[in-house]
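Student: Once you've had a glance at the structure underneath, I'll fire off some questions.
The values are calculated or read from the model by the stated rules, or taken from the named source; none is laboratory data. None of the values given here were measured: they were computed from a predicted structure. Positions of Cβ are backbone-derived with ideal geometry, glycine not excepted, and every protein chain shown enters the neighbour counts.
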């Protein structure tokens, strides 16, 4: 099983986006209330799903991949069946 995670940045106005992110299966790493953005970690293959869940929320501005994420942190998990 390959674990492919990515760090995303969500820009928003209002708290509706934050409430939706808290319900989604992601790990919120940082939220700047002053600059209205949140950094979260999620599955790389779910990027379109994240966008589709957020795009219809009032106050959502933009979703982008973070340049600070190190892709070498992704790993492959091999399970030996016994």
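Student: Could you grab me the full set of residues in region 1-49 that are touching a helix residue (DSSP H, G or I) at 6+ places or on another chain (Cβ under 7 Å) and either on the phi > 0 side of the Ramachandran plot or surrounded by fewer than 14 Cβ atoms within 10 Å (Cβ to Cβ) (or both)?
Tutor: 4
Student: Okay, moving on. Just give me the residues in region 10-22 being at pLDDT 95 or above and either in a helix (DSSP H, G or I) or within 13 Å of residue 66 (Cβ to Cβ) (or both), in sequence order.
Tutor: 10, 11, listed by residue number.
Student: For region 23-47, enumerate the residues that are without any contact (Cβ under 8 Å) to a residue 40 or more places away in the chain, under 11 Å from the mean Cα position of the chain (by Cα) and part of a helix (DSSP H, G or I).
Tutor: The one that is without any contact (Cβ under 8 Å) to a residue 40 or more places away in the chain, under 11 Å from the mean Cα position of the chain (by Cα) and part of a helix (DSSP H, G or I): 46.
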